[in-house]
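This report concerns only the one structure given below.
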Amino acid sequence: MKILKFKNKQKYKYSKKILIEDLILSISIGIHNFEKLKRQRVKFNIEITTDPNLKTDIKSIVNYENVIITIKKITEKKHYELLEELSESILDEVFKNKKIKKIKLKIDKLDIIKETKSVGIEVIKTKL
């Protein structure tokens with residue numbers, strides 16, 4: 001009698017994501033004159049997909065704290081008229097990290113229209 005051995009060759013497909021939820025900053029943004037005079041609360045939610053083959057050590061990961069620092073620096077630099085303009089500045093800077101494959105960025109103005117909880121945009125950008 002011959003015994004057959006089956007090799008368990010499981011292969012996995014997965015992704016790694018960094019999540020930053022509800023980062024609220026007071027920034028200068030908007031096209032209206034009153035928006036240019038006073039900072040307003042803006043909420044950032046960002047989902048960053050990284051290379052799934054990265055080692056899980058401190059030198060290899062994408063550090064969420066550095067991403068937050070980058071967003072703070074960008075929003076402190078100047079007045080942005082449009083959320084779209086701000087989002088492109090953030091995406092360009094964060095994508096400088098070669099480990100990042102995809103970014104989903106949602107930006108909401110929290111106090112601009114009384115009848116809403118927030119208004120904003122969502123942008124998804126992927127490296128080809």
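FYI, it's all coordinate maths here, none of it is from the lab. Predicted, not measured: the structure shown is a model, and the values here were computed from it. Ideal geometry is used to build each Cβ from the backbone, glycine not excepted, and the neighbour counts take in all protein chains shown.
Brief remarks follow.
- The stretch 42-100 - percent relative contact order, Cα under 8 Å, separation 6 or more: 48 percent
- Reduced Cα scattering model of the stretch 1-105, Debye log10 I(q)/I(0), q = 0.13, 0.24 Å⁻¹: -0.57, -1.32
- In a reduced charge model with +1 at each Lys and Arg Cβ and -1 at each Asp and Glu Cβ, the stretch 16-126 shows a dipole moment near 320 debye about its Cα centre.
- Considering only TYR80, ILE113, ASN63, the residue lying farthest towards the positive end of the dipole of the stretch 16-126 is ASN63, judged by Cα position with unit charges set on Cβ.
- Degrees, to the nearest 10: 64-77 long Cα axis against longest axis of the chain: 20 degrees
- Cβ-defined net charge surrounding VAL123, 12 Å radius [Lys, Arg +1; Asp, Glu -1]: -2
- For the stretch 18-23, the Karplus equation 6.51 cos²θ - 1.76 cosθ + 1.60, evaluated at θ = phi - 60°, returns couplings of 9, 10, 10, 10, 6, 6 Hz by residue, with Gly and Pro reported as x.
- Helix axis angle, 83-94 relative to the chain longest principal axis, alpha carbon, degrees: 40 degrees
- Computed over the chain, relative contact order equals 26 percent, with contacts defined as Cα pairs under 8 Å that lie 6+ residues apart.
- Calculated from backbone phi, Karplus (6.51, -1.76, 1.60) coupling profile of the stretch 37-50 in Hz, x at Gly/Pro: 8, 9, 5, 9, 6, 10, 9, 10, 10, 9, 10, 10, 8, 10
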